[in-house]
Structure formats: C-alpha cells, structure tokens
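Read through the structure below, which is laid out as structure tokens, and then see the notes.
A short reminder: the numbers here are calculations on the coordinates, not readings from a lab. On a predicted model such as this, the values are computed, not experimentally measured, just so you know. Virtual Cβ from ideal backbone geometry, glycine too; neighbours counted across all protein chains shown.
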C-alpha cells in the first residue's frame, strides 16, 4: 500500500478487498466479454458467444451481471455513508 492509501484507509481499503474477490473479478471479466460481444453484434460482425437461453454461458452471464449489480449497489451504499 502507498502512504496515501494508508492514511485514507487505516483499517484496509474495502473497495480493494471487494474488487479482489475472485467472484467479483470473474464477473467483471465476463461482463467485459459480453459488452465486447454486443459491440461485435452492433458492428455486424459475427458474435463470439453464441448463447442458448439455458446454456452454461447464459447462466454465467446472468450470474456475472447480478454480481456487477451488487458491486454497484455496494459502491453506492459506501458513497452515501461517506458523504
């Protein structure tokens, strides 16, 4: 940690701990892949992910989106308590 982080978060950075969580990190990567795939679709290129409605890819995508939504709620709640 840097001196600034030590002064700002003397008991540990809650954002850093949350972002380094394996589940959250994997969800972030999956959501980026989904966004890139959506851009390919918009540009008329073939999609990399061909998802069936109940396939493992679709389930992983849903889990990733819900994890990112929880992360956003977590950050929003932290902002409200800090201001």
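So the values come out like this:
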item	result
Förster radius 22 Å - calculated FRET efficiency between residue 7 and residue 76 (Cβ-Cβ, nearest 0.05)	0.35
Segment residue 21-residue 58, extension gain: residue separation times 0.36 nm, minus the distance between their alpha carbons	11.1 nm
